[in-house]
Amino acid sequence: MNPVVMHTVARLMAPVLLLVSLVLAVRGHDIPGGGFVGGLMAATAFALLMVAFGRPAARKQLRVHPTRLAAAGLLVALFSGVPPMMQGRPFLSGIWARLPVPGTDGLKVGTPQLFDLGIYLVVLGTAMSFILGMARGEDTTAPEMGG
Amino acid sequence: MTPSALLSLPMILCLGAAATGLLTPSRAWPRRWLALMTMVSLSVVGAMLLVTVRREGIQSMQVGGWAAPFGITLVADLLSALLVLVTGVMGLTVVSYSAATLPSSKEAGAYYPLVLVLVGGVCGAFLTGDLFNLFVWIEVMLGASFVLLALEARQEQLEASIKYMSLSLMGSVVLLCAVGLLYGAAGTLNLADLAVTVPGLGTPNLMTAVSMFFLVAFALKAGAFPLFFWLPASYHTPPAAVTTLFSALLTKVGVYALARVFTLVFTQDAQLTSTLLLVMGGLTMVTGVLGAVAQYDMRRLLSFHIISQIGYLIAALGLLTRSALTALIAFLIHYIFAKSALFLVSGATARVTRTYDLHQMGNLYRTQPLLAALFFIPALSLAGVPPFSGFFAKLAVIQAALRAENWIIAGTAVVVGLLTLFSMMKIWREAFWKAPPEDQPQEPTRPLSLGDGVLGPCMAMTLFMVVLGLGAEPLLELADAAAGQLLNPEEYVRAVLGGRP
Amino acid sequence: MACCLLVMALCIAFFVPFIAAALAVLITRLFKSWAGWVLALFPAGLAVWFGAQVPAGVQGEVPSLTLPWMPDLGIDFALRLDGLSLLMALLITGLGTLVVIYAGRYLVHHEVLGRFYGWLLLFMGGMLGIVLADNTLLLFVCWEVTTFSSFILIGFEHKEDAARESAQRALLITALGGQSLLVGLLLMGDEVGTLSISGTIATSDAVRDSPRYLAILLLVLGGAFTKSAQMPFHTWLPGAMTAPTPVSAYLHSATMVKAGVFLLARLSPVLGGTPPWETILTLVGTMTMVLGALLALGHTDLKLVLAYATVSVLGALVMLLGQGTAASIQAMVTFLTAHALYKGTLFLVAGSVDHETGTRDVAHLSGLRKRLPMTAAASAAASLSMMGLPPLFGFVGKELIYEACLEGPGGWPLAMGATVGFGGMVAAALRVGVQPFAGKTFRASKPESKVHEAPPAMWVGPALLGAAGLVLGLVPWAIQPLLAMASVDIGGSQAGGLKLTLWHGVTPALGLSVGSLVIGGGLFALRQPVLKGLRALNLSNHGPERFYQASLSGLLKLSSSMTRVLQNGSLHQYIVVTLATFGGLLALAVVLRLGEWPRGVSKYVLSHEVVVLVGILAAAVLAVVSRSALTSILALGALGLAEALLYVFFGAPDLAMTQIVVQTLTVILFALVFSRFPVHPHEHRFRWWTAALPLAVGGLITWIILHVASTPSHTRLADFYATQSVPAGKGLNIVNVILVDFRAFDTLGEATVLATSGLGVYLLFRTRSQRKKRQV
Amino acid sequence: MELFLAITVGGLFAAGFYCLMLHSIVRIALGLVLLGSATNLLIFTINGLQRGFAPLVPEGQEALSPPFADPVPQAFILTAIVINFGLLALLLVLVHRAAQETGTDDTRALRTELKDSKQ
């Protein structure tokens, strides 16, 4: 493919994919979807960037080391279960609130969603570990380009 | 702290520390100290849990606040609490040993987080009261063990990992089938709920068939004959600290799970399942110890002994009497310590001699007196020589077998003990007594002392063995109470389901 | 109060040797060459204390204590000091004192003398524990302490192959016996409901009348016979002579080997007096006695001769216990004491000779009496006692034996056997105790001027012991009360009334005594032809010795061939066996329990579903049989899609979505891996016989699924989630609510697995590229 | 339907186990994928199937009324799929690395285990 076309496509598509992935993750509570599929979708966005601009650029766009991203996600998921313990309720009990968002009857937010967000991050981090790891494994013949 | 929080803390601590560890800078000290602190807290939590359970009976907690069987229940009876405590102590031992032996580049990597994940998975498996959740925690534990095994990626480790993974994943498939079939047959996977529901289903034959899946899956994880191949194929490749961790915890989860499902869920066809367990246990003892006798690699020899000792546990489970289950629990605890001590010592030996090959060692009795003592006591203990913990544990097994009039198991236990002694003394003769081979350059080695950090953990394990030997009574009493809980599921059911029948 | 103090002192006495053992290394380091004298204070103190208990014991006072130790297993910390214990304790501590002093000099330059003392005193503790214990398992614990401490002591010169070999043999044989003993004791405990020895004795009929009596007896005898080196288990004892001589003197003549005899004596009120007991003990004992004596004559090594002579004596003691009459028990007790005194002396003498001359081969020794006068005197006293000449204590003991044999059920045949056995012993005594010292010509491996008397630490022990044999022979009534007490403890009140006198008058026993001297003298005179003849026979390499070697190598062979078959490194085989086990257990369950046809399974199916199912199967078959990797991978992809379709048909959109994504990723992963290395053309061809096992397992699983599916479906959980998902879980997508709320704990674990594997993948690739970098 | 699906599941198990018995690690991994699918379908079938009717509560309603597909096995399968996938990826990378070291994916090349027991 023409690299210019590829770059353009990637530049346009990646943010869209990221947005869709977030929607999938957040709305997953009510419609099919969820943190897992959302996280994979987000990873696809970065994979696209990698195909277009190469591994280092994709790695740079991700900003965080993928394994750290996964670790952070795990921490978020774990942490979402802790607040109820402060109230003397069991670990991972749901706490819900309704945020007043103008134009709707309020947006429901709760720790289970935070949990799902954690899963989203774990999946994104893991998928990026796979993708970036594979890509590094691929150029075993080429000199390592850092990262 | 409320008991219910105590139940979830082990997993939160381990996984939280693992994730936090990965987020800290890639240096040795933050990760090491984080792991150490976590293991200390885990041991404290385990001890508190044990005290609570001993004082107030079986504790349970509904994760997410959803009443059983709709959510996931965590349950701690005496056995679980005891095992969590032992897991914490073993974790602490292995982490401090790792700190003394591993290169700091490795410590700075993902090593400690992986250890924490593994320990967290093990605790989860011990504490969960739900079979699907048990599957998940077993996978957590396996996942971490796969990576730990392959971490250095030397060729033999890759090979070992592939064998270990293929066979373990096969076991996981069987386990998942088992869980699925049980859900289809009983409509629930909560253990306490199953204990209540299954007798009323009126399908005992179907339950027997389903129990075979569980038997295969857990016996594979436990390393029972003839499903143990993954164990000797892999345990001799990672660093001693990792082998110790594996030997102390992984197979125990299989044994624990067997004990759990065959005392709580599949009690309808005890005749058949007990017979199978007895046959399996007896053959496991014999094949394990015969495998060990021929080995000249210290770690392979010790790996085969894991199998033979597992045989004792499975046979004790097959006897299914109160005294047999008491013996099982006492033996389990003893053997975690004994085996760990031996693996840790094998690591220390290899540090001195730079090999695990018994042919290449010699004369350590003179050059390494402390090391010799720290090998001798666990070795005797493992072989069941008094007055160390192994004797009383084995005695309990033999006595249980005699009382059940199962002469074959009693005889096998006795003979296998003797062969264990033989192979332990083989290590002693080769590594500690004989003159070292002449081609081996005799570099003047300073005797290892406690200050080196390598022997500290070995010493701790050995002390446990002496204390659990001369003062076995508290452990036996605890094991007896735990066996009582296993044989009378009413308390377990009441703790989980409350007043609901 | 006094009683209380006594019991406490008994308890302390039990622990003193262990404390001494713990301090041994320290004391040796502090006192250097005086360490032997210092350490000897511990056993000496004990000996004095035990000696002080004799008068009270004669009055019938039996101090005892019982502390609960492991009530769950029935093990108590129970001690009891009756006459038998007292006699043994005196021998153990008294001889122990002398041996400790002796060893301090004998091994003075040894680099690990401290550890040696540690093990020796540990052994002493175990031995003392055996005789003091009033609980069968406490006795067993101490029994095993002696087993493994003697293992270390035998292998003390551990760089020598022979020492390691002998240590292993001793350990294996005695540990085998130990295991047998353990089971016997446990069975016995179950019969009487207690592990207390005195309690068992009180209810001994329960054991003798039990249907398990014979099993218990044989198992206990297994322990006693191995420890006491009875035929055919005697082979470890001569080998044990690789131990330093003080060890041989202490363990292998005076104490440890007597543990088996002691055990039989201790349990004879429980197990004794029955036809099997009498037959087995008499037979084995007599055989051991005669063969031991015979074997003793086939050697010229001082220690080996003594070792075989010891075997012979142990046989005699066992034989006497088998007779079970009052006279035989009294004779046993007396002779045991006499033997401990003279055999201890002779071993120590042999050690001194070896130490001073550098050899212990009798053939190379003579005329030493001038250079080693004290040693020679001790040796003379001891060997005369061994020969059973008046006025030595050995004579008293031997006379009693002959009398007991003549009076007992064995009668004349047994007495003749004993005479022959003692004849051998006389010859052995002449060889080891007299021959090296007698004669005019001095012969030793060193020149005469370099050979001189052993230092005091090394002759004081033998001299004292030798003198004791003489004194007791002259005034046997001095020890009579103690021996009488011990006899009563073994044989009950009817074994009382022991009378020890030096001169019995001219009796048949005296005649037999003379007979044995004549035989012995004859054998000694003909020593060269006897030696040659016995060497030609090479007795010690037959029978049990052969059996031991054969079973050891058989074990190793079995082990290595089994490992080669089972754990042969082939992943293929591991998988096949695992699968076959799985299938076998399923088949077992199906055949035994689930044979009937499953009923009520829904057969209603729509055409598009059939298409999908056929598609799944076709894709699976294609993936399996295709030789092209690419085809297999693509088939896998197709299979995943078909599976997703099924999920769509049956109301699982989340599942379908995830399945598609995951299967796609899987296919990509496979493609990447396949593209990395040349997959050499797969030689695998589809074979029906290979497929039989998987097909069988698949069929069994189908069968079981059908049975499960024929039970009514359960809706309890689903109903709960359907009604609670919205109000409590705040979500419309029930599956998602289950994942993040109802069963969020599962998902947490799942996320952990995923993160772990991501980490693993990343790390595995990194190690590779790092290694590459290092190579560059 | 359960009848036919059960047969399909059995077939998938047979195919998966057959792959495990081949001498190629990649084929073993492939077999594990097949076994994963088989297990998922087993769980899916086991408590009765329901055509259509996903377990989604319609917007605005408080509860879902029957008929609907059992959501519990679906949740199990979702968890299992992800776990399987993660571990499979790990296995494949191992296979990849081992093949780099040995140059083949033939399991018969994996025999260093025997190195010391031959002595």
Checklist entry - Peptides A:115-125, B:83-93, A:11-21: what's the order by average Cβ count within 10 Å, highest mean first? => result A:115-125, B:83-93, A:11-21
Checklist entry - Hey, if you drop one equal point scatterer on each alpha-carbon of region C:274-554 and run the Debye formula without solvent, what base-10 log of I(q)/I(0) do you get at q = 0.10 Å⁻¹? => result -0.52
Next on the checklist: If packing is taken as the average count of other Cβ atoms within 10 Å, what order do B:255-263, B:317-325 fall into, highest mean first?
Outcome noted: B:255-263, B:317-325
Checklist entry - Long-range amide H contacts for C:ALA438: which residues qualify at under 5 Å (H placed 1.01 Å from N, peptide plane, sequence gap of 5 or more or a different chain)? => result C:GLY367, C:LEU368
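Counting Lys and Arg as +1 and Asp and Glu as -1, what is the net charge of the other residues whose Cβ lies under 13 Å from the Cβ of C:LYS159?
Working: positive: B:ARG366, B:ARG429, B:LYS434, C:ARG164; negative: B:GLU430, B:GLU438, C:GLU111, C:GLU157, C:GLU160, C:ASP161, C:GLU165.
So the surrounding residues net to -3.
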Checklist outcome for this item: FRET efficiency (B:MET48, A:MET86; Cβ distance; R0 22 Å; to 0.05) is 0.70
Item to check | Magnitude of the charge dipole, the protein assembly as shown, Cβ model with Lys/Arg +1 and Asp/Glu -1, debye to 20 | outcome: 3620
Checklist entry - Considering every residue in B:109-115, what mean count of other chain Cβ atoms within 10 Å of its Cβ is obtained? => result 3
Checklist outcome for this item: From the cross-link list C:LYS159/C:LYS557; B:LYS394/C:LYS343; B:LYS426/C:LYS303; C:LYS303/C:LYS450, the entries with a Cα-Cα span beyond 30 Å are B:LYS394/C:LYS343
Item to check | Rounded accessible area per residue of the protein assembly as shown, 1.4 Å, Å² | outcome: 31
Item to check | Top positive-direction residue, dipole computed over region B:5-144 with Cβ charges, set B:VAL84, B:TYR97, B:PHE132 | outcome: B:TYR97
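Between beta-carbons, use under 12 Å as the cut-off and find the net charge around C:MET458, counting Lys and Arg +1, Asp and Glu -1. Don't skip to the answer; put the middle values down first.
Numbers: positive: C:ARG105; negative: C:ASP354, C:GLU356, C:GLU453.
Surrounding charge for C:MET458 is -2.
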Checklist entry - What order do you get for C:390-401, C:612-623 when each peptide is scored by the mean count of other beta carbon atoms within 10 Å, highest first? => result C:390-401, C:612-623
Checklist outcome for this item: Once phi for every residue in region C:551-559 is put through the Karplus expression 6.51 cos²θ - 1.76 cosθ + 1.60 (θ = phi - 60°), the whole-Hz ³J(HN,Hα) values, with Gly and Pro written as x, are 6, 5, 6, x, 4, 5, 5, 4, 4
Item to check | Whole-angstrom Cα spans of the protein assembly as shown along principal axes, big to small | outcome: 126, 70, 64
Item to check | Computed over region C:274-554: relative contact order in percent, which uses C-alpha pairs under 8 Å that are six or more apart | outcome: 26
Item to check | Interface area, D with C, accessible, probe 1.4 Å, both sides summed, Å² nearest 100 | outcome: 8600
Checklist entry - In degrees from 0 to 90, rounded to the nearest 10, what is the angle of the helix D:2-20 Cα long axis to the longest principal axis of chain D? => result 20
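Taking the Cβ-Cβ separation of D:GLN100 and A:ALA57 as r and a Förster radius of 30 Å, what is the calculated FRET efficiency to the nearest 0.05? Could you put the intermediate results ahead of the total?
Values: r = 27 Å, r/R0 = 0.89.
About 0.65, to the nearest 0.05.
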Next on the checklist: Can you return the lysines within cross-link range of C:LYS730? Criterion is Cα-Cα under 25 Å, with same-chain partners fewer than 8 residues away left out.
Outcome noted: A:LYS108
Next on the checklist: So if the hydrodynamic radius of chain B is defined as the Kirkwood radius over C-alpha pairs, what does Stokes-Einstein give as its diffusion coefficient at 20 °C and 1.002 mPa s, in µm² per second?
Outcome noted: 95
Checklist outcome for this item: A correct Karplus calculation of ³J(HN,Hα) over region C:647-657, with 6.51 cos²θ - 1.76 cosθ + 1.60, θ = phi - 60°, whole Hz and x for Gly and Pro, returns 4, 5, 4, 10, x, 9, x, 4, 5, 4, 4
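Put C:GLU191, B:GLU438 in order of accessible area, largest first, 1.4 Å probe: what do you get?
Values: C:GLU191 55, B:GLU438 180 Å².
From most exposed to least exposed: B:GLU438, C:GLU191.
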Checklist entry - If one computes the Cα centroid of region B:39-94 and of region C:111-145, what distance in Å separates the two points? => result 41
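Once every DSSP H run of n ≥ 4 in the protein assembly as shown is given -39500 (n - 2.57) and the sum is divided by its residues, what mean residue ellipticity at 222 nm do you get, rounded to the nearest 500 deg cm²/dmol?
Working: 61 runs with 1115 residues, N = 1543.
Here the helix-only value at 222 nm equals -24500 deg cm²/dmol.
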Next on the checklist: Averaged across C:621-628, how many Cβ atoms of other chains sit within 10 Å of each residue's Cβ atom?
Outcome noted: 3
Next on the checklist: 7 Å from Cα along Cα→Cβ at both C:TRP477 and A:VAL23: what's the point-to-point distance in nm?
Outcome noted: 11.9
Checklist entry - From the backbone phi of region B:118-128, what are the Karplus-calculated ³J(HN,Hα) couplings (6.51 cos²θ - 1.76 cosθ + 1.60, θ = phi - 60°) in whole Hz, Gly and Pro given as x? => result 4, 5, x, x, 5, 4, x, 5, 6, 9, 6
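What is the calculated FRET efficiency for C:LEU552 to B:GLU152, with r their C-beta to C-beta distance and R₀ = 41 Å, to the nearest 0.05?
Once rounded, the FRET efficiency stands at 0.60.
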Checklist entry - Over region B:350-405, how many percent of alpha carbon pairs lie in each 10 Å bin up to the one with the longest distance? => result 22, 33, 24, 14, 7
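Roll a 1.4 angstrom probe over the protein heavy atoms and tell me the percent of accessible area of region C:75-202 that is carbon or sulfur. It would help to have the intermediate numbers written out before the result.
On the way: 1340 of 2530 Å².
Whole-percent figure for carbon plus sulfur exposure: 53.
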Next on the checklist: Under the 0.36 nm per residue contour assumption, what length would be gained going from the current alpha-carbon distance of C:THR501 and C:LYS159 to full extension?
Outcome noted: 118.1 nm
Item to check | Listing of region A:72-95 residues, each with accessible area lower by at least 50 Å² in the full protein assembly than in the chain alone (probe 1.4 Å) | outcome: A:LEU74, A:LEU75, A:LEU78, A:MET85, A:PRO90, A:PHE91, A:LEU92
Item to check | Choice from A:GLY54, A:GLY38, A:GLY88 with maximal GNM fluctuation in chain A (Cα, 10 Å cutoff) | outcome: A:GLY88
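Compute the Cα gyration tensor for region A:3-138, then decide on rounded, prolate or oblate, letting a ≥ b ≥ c be the square roots of its eigenvalues: rounded whenever a/c is under 1.5, prolate when a/b is larger than b/c in the other cases, and oblate in all that remain. Could you put the intermediate results ahead of the total?
On the way: a/c = 3.21, a/b = 1.69, b/c = 1.90.
Oblate is the answer for region A:3-138, as a/c is 1.5 or above yet b/c matches or exceeds a/b.
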Checklist entry - Can you give the charge dipole size of region A:3-138 about its Cα centre, rounded to the nearest 20 debye, using +1 on the beta carbon of Lys and Arg and -1 on the beta carbon of Asp and Glu? => result 360
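Please give the average number of partner chain Cβ atoms lying within 10 Å of the Cβ of each residue in B:373-380, rounded to a whole number. Don't skip to the end; give the middle numbers.
Numbers: counts 1, 0, 0, 2, 0, 0, 0, 3.
Per residue, the number of nearby Cβ atoms from other chains is 1 on average.
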Next on the checklist: Show me you know the interface measure: the accessible area buried between B and C, both chains summed, probe 1.4 Å, in Å² to the nearest 100.
Outcome noted: 9200
Item to check | Long-range amide H partners of B:PHE225 with built H, under 5 Å | outcome: B:THR284
Checklist entry - How big is the B-D contact in terms of buried accessible area, both chains counted, 1.4 Å probe, rounded to the nearest 100 Å²? => result 3200
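Please report, as a whole percent, how much of the solvent-accessible surface of region A:3-138 comes from carbon and sulfur atoms (probe radius 1.4 Å).
The value for region A:3-138 is 73 percent carbon and sulfur by accessible area.
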Checklist outcome for this item: Test assert for region B:1-26: residues whose accessible surface shrinks by at least 30 Å² between chain alone and all chains, 1.4 Å probe, equal B:ILE12, B:LEU15, B:ALA19, B:LEU22, B:LEU23
Checklist entry - Rounded to a whole number, what % of the accessible area of region C:274-554 do carbon and sulfur atoms account for, probe 1.4 Å? => result 70
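According to the Cα gyration tensor, what semi-axes, each the square root of 5 times an eigenvalue, does the equivalent ellipsoid of region C:489-607 have, listed from largest to smallest in whole Å?
Semi-axes (√(5λ), whole Å): 75, 30, 11.
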Checklist entry - Where a Cα-Cα gap under 16 Å defines reach, which lysines qualify for B:LYS252, not counting those fewer than 8 residues away within the same chain? => result B:LYS221, B:LYS339
Checklist entry - Once the other residues with Cβ under 13 Å from the Cβ of D:GLY60 are scored (Lys, Arg +1; Asp, Glu -1), what is the net sum? => result -4
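How large is Rg over Rh for chain C, taking Rg from the Cα atoms and Rh as the Kirkwood inverse mean of 1/r across Cα pairs?
Working: Rg = 38.1 Å, Rh = 31.7 Å.
Answer for chain C: 1.20.
The values are calculated or read from the model by the stated rules, or taken from the named source; none is laboratory data. What you see is a predicted model; the values in this text were computed from it and never measured. For neighbour counting, all protein chains shown are included, and Cβ atoms are generated from backbone atoms with ideal geometry for every residue, glycine included. What goes into the accessible areas is simple: the full protein's heavy atoms, side chains included, and nothing from ligands, DNA or RNA. Shrake-Rupley method; radii C 1.70, N 1.55, O 1.52, S 1.80 Å.
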